[in-house]
Amino acid sequence: MPQEPYRLMIIDDDVSLLKSIEPLLINEGYIVSLAKSGKQAISALSKGMTPDLILLDIAMPEMNGYETFNKIKAIQNVPIIFLTSMEDINAELKGLQLGAIDYITKPFVMDILLARVKNHLASIRKMKQEEIENNKNSISFDDKKLKILEGELTDTEFKVAKMIALGYTNQEIAEQLSYSYTYIKKLAYRIFDKLDINKRNELRQFLV
């Protein structure tokens, strides 16, 4: 079963740069979202957009990259790479101290940018897998709550609900149970609707 595509967001007020990077990333198989300002990006993230990685410019009007970084982290703990023409070592240090995973200076060679993005995404996936495994080993479900949940869901929904609570992604559940990703995604929505919850971590709280 093919792996679910990575989702990238690029935040930069340079429209020509956005237009030049977007097709290259799409050609690599990524799902790409563009934002021309920090405010536009924050709005999209607040409405539920969940990228795997963000490329963020620093020198932007109204809300610079550092301010945007902090606002993003208040919404989602998504990995961020600063992408900027600022060559001041203090600017790079500040970005890394904030918690950025990398700092790429413009102008850059596109092939090198793509390689670094690919390497970071591989590392991110590995860390997520390790986190999931740790969660699986540390979570203990409440038997009474499991019984209640079992009575509200179908057998398949119940099985999927437990896997979601353990930290599995929809793609991983699809692979484990030999269903399509689309089917598992629809099933997850149905489970959330039945339980009147909106987020995956709420399901875990529902069972522990």
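The values are calculated or read from the model by the stated rules, or taken from the named source; none is laboratory data. In this text, all values refer to a predicted model and were calculated from it rather than measured experimentally. Positions of Cβ are backbone-derived with ideal geometry, glycine not excepted, and every protein chain shown enters the neighbour counts.
Quick check on this structure: which one of Glu157, Glu150 is crowded, with 16+ Cβ neighbours inside 10 Å, acidic (Asp, Glu) and modelled with pLDDT of 85 or more?
Going through Glu157, Glu150 in turn, just one is crowded, with 16+ Cβ neighbours inside 10 Å, acidic (Asp, Glu) and modelled with pLDDT of 85 or more: Glu157.
Give the residue, chosen from Ile184, Ile191, Ile197, that is touching a Leu at 6+ places or on another chain (Cβ under 8 Å) and not in a helix (DSSP H, G or I).
Just one listed residue meets the conditions, Ile197.
Filter the range 143-161 down to the residues that are among the acidic types (Asp, Glu) and within 19 Å of Tyr183 (Cα to Cα) and list them by number.
Those that are among the acidic types (Asp, Glu) and within 19 Å of Tyr183 (Cα to Cα): Asp155, Glu157.
Looking only at the range 25-39, decide whether some residue is assigned by TED's automatic domain parsing to the domain that holds His120, exposed (fewer than 14 other Cβ atoms within 10 Å of the Cβ) and among the aliphatic types (A, V, I, L, M).
Yes, the range 25-39 contains at least one residue that is assigned by TED's automatic domain parsing to the domain that holds His120, exposed (fewer than 14 other Cβ atoms within 10 Å of the Cβ) and among the aliphatic types (A, V, I, L, M).
Test Glu157 against the stated conditions and say whether it is outside the structural domain of Ile26 (by TED's automatic domain parsing), touching a residue at least 60 places away in the same chain (Cβ under 8 Å), assigned to a helix (DSSP H, G or I) and not hydrophobic (A, V, I, L, M, F, W, C).
So Glu157 does not fit the description; no.
Of the residues Asn119, Asn90, which single one is surrounded by fewer than 16 Cβ atoms within 10 Å (Cβ to Cβ), part of a helix (DSSP H, G or I) and at pLDDT below 85?
Asn90
Do we have Leu166 as surrounded by 11 or more Cβ atoms within 10 Å (Cβ to Cβ), within 27 Å of Pro51 (Cβ to Cβ), in contact with a helix residue (DSSP H, G or I) (Cβ under 9 Å, 6 or more places away or on another chain) and not β-branched (Val, Ile, Thr) here?
yes
Where the second residue is surrounded by fewer than 16 Cβ atoms within 10 Å (Cβ to Cβ) and modelled with pLDDT of 95 or more and the first is over 12 Å from Ala41 (Cβ atoms) and lies in the range 63-91, which pairs have Cβ atoms under 7 Å and are six or more apart or on separate chains?
That search, which allows pairs on different chains as well, returns nothing.
Counting only residues that are assigned to a helix (DSSP H, G or I), modelled with pLDDT under 85 and not basic (Lys, Arg), how many does the range 122-145 have?
Qualifying residue count for the region: 12.
What are the residues in the range 61-87 that are surrounded by 16 or more Cβ atoms within 10 Å (Cβ to Cβ) and farther than 24 Å from Leu121 by Cβ, if any?
Answer for the range 61-87, where residues must be surrounded by 16 or more Cβ atoms within 10 Å (Cβ to Cβ) and farther than 24 Å from Leu121 by Cβ: Met63, Met86.
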